[in-house]
1. So in region 29-70, with the set limited to residues that are in a loop (DSSP other than H, G, I, E, B) and touching a residue at least 60 places away in the same chain (Cβ under 8 Å), which one is farthest from Leu134 (Cα to Cα)?
2. Based on what the data block shows, is Leu123 open to solvent by less than 20 Å² (accessible area, probe 1.4 Å) and either modelled with pLDDT of 95 or more or at positive phi (or both)?
3. Report every pair of residues separated by at least 6 positions or lying on different chains whose Cβ atoms are under 9 Å apart, first residue within region 86-111 and farther than 14 Å from Tyr32 by Cβ and of a type outside the set (Ser, Thr, Tyr), second part of a strand (DSSP E or B) and open to solvent by 40 Å² or more (accessible area, probe 1.4 Å).
4. So is Ile6 touching a strand residue (DSSP E or B) at 6+ places or on another chain (Cβ under 9 Å), open to solvent by less than 20 Å² (accessible area, probe 1.4 Å), over 24 Å from Met127 (Cβ atoms) and touching a residue at least 24 places away in the same chain (Cβ under 8 Å) or not?
5. Checking the conditions here, which among Leu148, Leu129, Leu110 is surrounded by 12 or more Cβ atoms within 10 Å (Cβ to Cβ), at pLDDT below 95 and touching an Asp or Glu at 6+ places or on another chain (Cβ under 7 Å)?
6. Tell me, yes or no, whether region 67-82 has at least one residue that is surrounded by 17 or more Cβ atoms within 10 Å (Cβ to Cβ) and touching an Asp or Glu at 6+ places or on another chain (Cβ under 6 Å).
7. I need the full set of residues from region 12-50 which are among the aromatic types (Phe, Trp, Tyr), crowded, with 22+ Cβ neighbours inside 10 Å and closer than 14 Å to Pro136 by Cα, in order please.
8. Please give the number of the condition Val25 fails out of (1) of a type in the set (A, V, I, L, M, F, W, C); (2) in contact with a Ser or Thr (Cβ under 7 Å, 6 or more places away or on another chain); (3) assigned to a loop (DSSP other than H, G, I, E, B).
Amino acid sequence: MVESMIFRLSQKLNSKIKAGALDTVRLDDNPYADWSAHLFAVNRTQYIIVSNTKSLYSCVMYCGGITSEGVFIERALSTIREFMESDGQEFVYRRFIVPASGTVQFAKALNPSVTGSMKELILTAEMLLAEDNLSPHDLGFKLNDILLSALAIEKSHGYGRPNEAFKLLAGHRESKS
């Protein structure tokens, strides 16, 4: 089976890069190869948040110059790689994302839970960018440390952090192999 990468685009981002009609696609068997992306603006500067769909592990990039599918794919993969290297996740990137990135497909958002959590991440990003003057790269570290109810590991622990959920994906991937 050929691995592929999924980018789930918001309607606003899809309109910007002109990716066409988006299909509904189930979560990829390789959770590292399934990412959701949304466009947002702060003080007239456009940004794109790219979040791992299962863990909500996120990185942020400037949107300037991204006007097509090809440019989006190139910049998104580069941003994910740079962020993961800075976060000590270079092995994960090379082992699970690089093999899948040869073929990329665009899709609709997975479900309302992911969309709602990403809206929460975007609200936090907007606040941090406006108040703290963070770079998009540094913003990713802040976003990956916030508590989200969608990432609750157990009912008794009502919240989880994207950076912790992302590290737990390795156990999911190993059990599938």
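The values are calculated or read from the model by the stated rules, or taken from the named source; none is laboratory data. Predicted model only: the values in this text are computed from it and were never measured. Virtual Cβ from ideal backbone geometry, glycine too; neighbours counted across all protein chains shown. These accessible areas exclude ligands, DNA and RNA; they are computed on the full protein's heavy atoms, side chains included. Shrake-Rupley method; radii C 1.70, N 1.55, O 1.52, S 1.80 Å.
1. So in region 29-70, the residues in a loop (DSSP other than H, G, I, E, B) come out as 29-30, 43-44, 53-57, 63-68.
From the residues that got through so far, the ones that are touching a residue at least 60 places away in the same chain (Cβ under 8 Å) too are 29-30, 43, 53-57.
Working: Asp29: 34, Asn30: 31, Asn43: 13, Thr53: 24, Lys54: 25, Ser55: 23, Leu56: 20, Tyr57: 18 Å.
Checking each candidate, the answer is Asp29.
2. Working: open to solvent by less than 20 Å² (accessible area, probe 1.4 Å): no; either modelled with pLDDT of 95 or more or at positive phi (or both): yes.
In short, no.
3. Gln105/Asp23; Phe106/Asp23; Ala107/Asp23; Lys108/Asp23
4. yes
5. Numbers: Leu129 fails: touching an Asp or Glu at 6+ places or on another chain (Cβ under 7 Å); Leu110 fails: touching an Asp or Glu at 6+ places or on another chain (Cβ under 7 Å).
Of Leu148, Leu129, Leu110, the one residue that is surrounded by 12 or more Cβ atoms within 10 Å (Cβ to Cβ), at pLDDT below 95 and touching an Asp or Glu at 6+ places or on another chain (Cβ under 7 Å) is Leu148.
6. First, the residues of region 67-82 that are surrounded by 17 or more Cβ atoms within 10 Å (Cβ to Cβ): 69, 72-73, 75-77, 79-81.
Okay, now just the ones that are also touching an Asp or Glu at 6+ places or on another chain (Cβ under 6 Å), so none.
No, every residue in region 67-82 fails to be surrounded by 17 or more Cβ atoms within 10 Å (Cβ to Cβ) and touching an Asp or Glu at 6+ places or on another chain (Cβ under 6 Å).
7. Filtering region 12-50 for residues among the aromatic types (Phe, Trp, Tyr) gives 32, 35, 40, 47.
From what is left, the residues that are crowded, with 22+ Cβ neighbours inside 10 Å are 32, 35, 40.
Residue satisfying the conditions is Phe40 alone.
8. Checking Val25 against (1) of a type in the set (A, V, I, L, M, F, W, C); (2) in contact with a Ser or Thr (Cβ under 7 Å, 6 or more places away or on another chain); (3) assigned to a loop (DSSP other than H, G, I, E, B), the one that fails is (2).
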